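Structure first, then comments.
The values are calculated or read from the model by the stated rules, or taken from the named source; none is laboratory data. Being a predicted model, the structure only gives us computed values, none of them experimental. Heads up, the Cβs are rebuilt from the backbone with ideal geometry, glycines too, and the neighbour counts pull from every protein chain shown. Just the protein is used for accessible areas: all its heavy atoms, side chains included, with ligands, DNA and RNA removed. Shrake-Rupley method; radii C 1.70, N 1.55, O 1.52, S 1.80 Å.
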Amino acid sequence: MSAVTQARPAWARAPLLIGAILLAWLLAITAEVTGQVQWVHHHRLVVDGVALWASLVLFLVAWQVHIAAMMLPTTLPMVGLYRQVAAGQPHPRLARVSFLSGYLVVWTAFGVAALVGMALLEGLGAHWHWLHQRREWLAGGVLVLAGAFQFSALKEACLDKCRAPRAFLLNHYRRGVAGGFALGLRHGAFCLGCCWALMLVMFVVGIANLAWMAPLAALMLYEKVGRHGARLVRPVGVALILLGLLVIVEPAWLPGLTPGPGLHGIHLHGAH
């Protein structure tokens with residue numbers, strides 16, 4: 001495992017992944033600038049006139065771009081180390097692809113689960129008009145939840161794993177394609193444990209909302225790899241809780257928090 005102790009910076013070891021990150025941000029910015037952002041927005045799922053399968057494909061493509069832009073940068077330290085350690089395997093490239101596939105499975109599953117939850121809330125809102133008329137309660141509630149999670153033991157435990165990729169590799173590394181996939185799943189689960197609540201905020205404000213996408217991406221990256229990332233966790237939690245309460249009490253202060261279509265933009269087939 002000597003290669004781990006001599007690991008070079010991740011950015012020097014994963015040029016293709018860095019290219020994917022830059023491309024994802026370019027697509028997000030281009031969609032915003034050209035006014036086509038609605039086509040990479042989860043609020044278009046199951047809209048009138050779009051087939052269900054096409055809507056699902058559209059969301060999954062947009063979600064991959066989203067996680068490439070926001071989550072992939074936070075995994076680069078682990079990816080760089082794994083690249084060095086796996087270099088001595090019979091099929092190192094296949095092992096690396098399998099390793100990254102583990103992350104992809106974890107975050108795609110989360111995206112689908114969050115989307116289903118949003119659709120269920122829309123279905124509830126169709127029958128509960130009080131909820132339908134108070135979108136700020138959903139947005140504010142998610143912000144308060146994300147803020148409270150910053151103080152949780154689970155957040156701290158998952159961050160500890162993400163901040164120590166070398167120790168994680170020493171404890172869980174296995175050779176082979178299956179071993180790489182299992183490692184990606186395991187570390188991806190800790191990555192999800194760190195960031196799921198912050199990513200849930202994106203489902204409320206819109207996964208293509210650059211005003212929230214950029215600062216949240218920077219926050220999640222710094223929490224994991226920043227020198228003083230641990231000191232930032234709880235102050236961010238306080239800020240999110242206060243912001244959530246402000247949205248609930250006086251949403252007019254933050255008119256851009258909830259996107260125009262909001263929860264109303266999702267039309268389930270058969271719902272009126």
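Brief remarks follow.
- Neighbour net charge for ALA178 - beta-carbon separation under 15 angstrom, K R +1, D E -1: +4
- Lys/Arg +1, Asp/Glu -1 at C-beta; the stretch 115-238 dipole; positive extreme among ALA119, PHE168, LEU185: PHE168
- Our coupling estimate for the stretch 75-80, obtained by passing each phi through the Karplus curve with A = 6.51, B = -1.76, C = 1.60 and θ = phi - 60°, is 9, 4, x, 5, 4, x Hz, Gly and Pro reported as x.
- When nucleic acids and ligands are ignored and a 1.4 Å probe is applied, TYR173 ends up with an accessible area of around 40 Å².
- 3J(HN,Hα) along the stretch 85-95: 5, 7, 4, x, 6, x, 10, x, 5, 5, 5 Hz, from the Karplus curve 6.51 cos²θ - 1.76 cosθ + 1.60 with θ = phi - 60°, whole Hz, x for Gly and Pro.
- Across the stretch 225-230, rounded Karplus estimates of 3J(HN,Hα) from the backbone phi angles (6.51 cos²θ - 1.76 cosθ + 1.60, θ = phi - 60°) give 10, x, 4, 10, x, 5 Hz, Gly and Pro being marked x.
- C-alpha center-to-center spacing [the stretch 211-253, the stretch 68-128] in angstrom: 22 Å
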